[in-house]
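Remarks on the structure that follows.
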Amino acid sequence: MDLKTYPDRDVMMLELANVLAGEIRTHLSQHPWTSFAVPGGTTPGPIFDAICGADLAWDRVHVMLTDERWVPETSDRSNTGLLRARLFQDKAKAAQFVPFFTGDDAPEPALPELDKTLADVTPLSILLLGMGADMHTASLFPGAEGLNEALAADAPNLLAVRGGNAPEPRVTLTAPVLMGALSTHVVITGSEKRAALEKAAGLGVQEAPINLVLPRATVHWAE
């Protein structure tokens with residue numbers, strides 16, 4: 001793990017956006033397309049605000065979420081709604097979005113077709129993750145229903161999970177996809193998550209799913 005600390009959150013978000021844009025640009029110079037997986041939640045919003053204006057060949061960038069709540073994008077709990085509002089703006093409007101929510105009552109019927117779609121855009125070129133104070137990442141929550149299946153070495157690209165104090169099921173990228181990314185960044189803020197990061201070092205992936213990616217990740221932290 002490479003830990004980078006910043007004097008404040010504003011500086012971190014801007015510098016990380018520049019790093020991600022640079023990695024996308026470099027990858028596109030060597031490949032016909034790039035896949036870019038990003039988290040939902042409130043933390044990455046400023047990164048999206050900064051990177052959406054980057055001068056990139058966005059039409060060759062496949063953007064997907066690391067996980068999604070099984071709700072329509074009109075819901076205030078939808079991560080897709082966040083991307084529409086803050087990432088798919090300015091130049092990034094041209095990006096190719098890989099959506100997960102299909103409108104089915106439950107995620108399971110949609111998973112086989114979604115898995116095929118993800119097979120066309122993996123391995124991930126660039127992965128941006130968050131981490132909760134409980135050491136979860138994506139929707140890999142300690143104790144969640146479906147966690148064991150999602151952590152398996154032969155897991156499909158996408159699985160449904162339940163738990164983590166969420167009222168609805170979620171779909172999440174699984175261990176093989178997350179671990180197979182060519183470049184991985186984790187962004188966290190605050191002393192509570194910094195303490196959780198340090199605690200994770202002594203735990204297994206069942207208790208601290210973030211440990212799936214930490215050995216190869218650059219972690220960005222600001223108070």
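Restricted to region 148-157, and to residues there that are hydrophobic (A, V, I, L, M, F, W, C) and without any contact (Cβ under 8 Å) to a residue 60 or more places away in the chain, the residue that is surrounded by the fewest Cβ atoms within 10 Å (Cβ to Cβ) is ALA153. Tell me which of these LEU28 doesn't satisfy, since it passes every other one: (1) crowded, with 18+ Cβ neighbours inside 10 Å; (2) in contact with a strand residue (DSSP E or B) (Cβ under 8 Å, 6 or more places away or on another chain). That leaves (1) as the condition not met.
Conditions (1) open to solvent by 20 Å² or more (accessible area, probe 1.4 Å); (2) in a loop (DSSP other than H, G, I, E, B), marked per residue:
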residue	(1), (2)
LEU128	no, no
LEU159	yes, no
GLU168	yes, yes
VAL177	no, no
ILE188	no, no
ALA195	yes, no
GLY202	yes, yes
GLU207	yes, yes
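Here LYS4 clears all of (1) farther than 17 Å from TRP221 by Cα; (2) outside any helix (DSSP H, G or I); (3) in contact with an Asp or Glu (Cβ under 9 Å, 6 or more places away or on another chain); (4) open to solvent by 20 Å² or more (accessible area, probe 1.4 Å) except the condition numbered (1).
Within region 105-123, no residue that is within 15 Å of ASP67 (Cα to Cα) and at pLDDT 95 or above sits with its Cβ atom under 8 Å from a residue that is part of a helix (DSSP H, G or I) and open to solvent by 30 Å² or more (accessible area, probe 1.4 Å) at 6+ positions apart or across chains.
Has region 139-147 got any residue that is closer than 17 Å to ASN211 by Cα, touching a His at 6+ places or on another chain (Cβ under 7 Å) and open to solvent by 30 Å² or more (accessible area, probe 1.4 Å)? Scanning region 139-147, I find at least one residue that is closer than 17 Å to ASN211 by Cα, touching a His at 6+ places or on another chain (Cβ under 7 Å) and open to solvent by 30 Å² or more (accessible area, probe 1.4 Å), so the answer is yes.
Of the residues making up region 62-100, those that are under 18 Å from ARG25 (Cα atoms), polar (S, T, N, Q) and open to solvent by less than 50 Å² (accessible area, probe 1.4 Å) number 0. Counting residues in region 33-45 that are in a helix (DSSP H, G or I), open to solvent by less than 30 Å² (accessible area, probe 1.4 Å) and more than 30 Å from GLY146 (Cβ to Cβ) gives zero. Only residues that are small (Gly, Ala, Ser) and either part of a strand (DSSP E or B) or on the phi < 0 side of the Ramachandran plot (or both) were counted across region 137-157, and they come to 6. If you go through region 20-76 and keep only what is at pLDDT below 95 and either closer than 20 Å to LEU124 by Cα or among the aromatic types (Phe, Trp, Tyr) (or both), you end up with just GLY40.
The values are calculated or read from the model by the stated rules, or taken from the named source; none is laboratory data. Not measured: the values here are computed from a predicted model. Glycine gets a Cβ as well: all are built from the backbone with ideal geometry, and neighbour counts include every protein chain shown. Surface areas here come from the heavy atoms of the whole protein model, side chains and all, with no ligands, DNA or RNA. Shrake-Rupley method; radii C 1.70, N 1.55, O 1.52, S 1.80 Å.
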